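Take a look at the structure set out below.
Every number here is computed from the coordinates shown, using simple stated rules; none is lab data. As the structure is a prediction and not an experimental result, all values here were calculated from the model. Positions of Cβ are generated from backbone atoms using ideal geometry, with glycine treated the same way; all protein chains shown enter the neighbour counts.
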Amino acid sequence: FELAVAARESMYAIYAADSGIECASAANLATSTFNGTAWVDNDISIKCKGVTRGPSEWDNTIIGNFNFSGLAYQVADISLPLTNGTCAIVTITDGPVDDGSGGISYMTFVDSRGYNNCDSAGNPKISSRTVERALRLTYEH
């Protein structure tokens, strides 16, 4: 019985992580949100399962400066409450990388950590029954 419960809770967590990736990707496709520009400062919202998270609700930071014409990485953390008491914490990292030939490529990394046991604000509960599963989406633009 315990194995079946653990498998079910793990499934909820991986589905939550997948929902976080899908919501961030949908926002990007609709608005070209993560494209190497200063999206952290723009009025961009992510809608997921009936909940909208705008920039004022993101944990936004811009970190690091690179020798690529002063360009910097942008990082945002977004907590997304989902259905059935699940949630996802999505971290979006966007910025320049060395393409290996002396040029600059822009990469976006969307990391989504899904949880099976969350509060109504979209934060995972501290519990021995809380399961975390993570997915990463990476693309160049």
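Other residues with beta-carbon under 12 Å from the beta-carbon of R113 carry, at +1 per Lys or Arg and -1 per Asp or Glu, a net charge of -2.
Amide H contacts under 5 Å for K125: N117, C118, D119, restricted to partners 5 or more places along the chain or on a different chain, H placed in the peptide plane at 1.01 Å from N. Modelled spin labels at H141 and V51, positioned 7 Å past Cα toward Cβ, are 2.4 nm from each other.
Listed peptides 84-90, 129-135, 101-107 appear in the order 84-90, 129-135, 101-107 once ranked by packing, highest mean of other Cβ atoms within 10 Å at the front.
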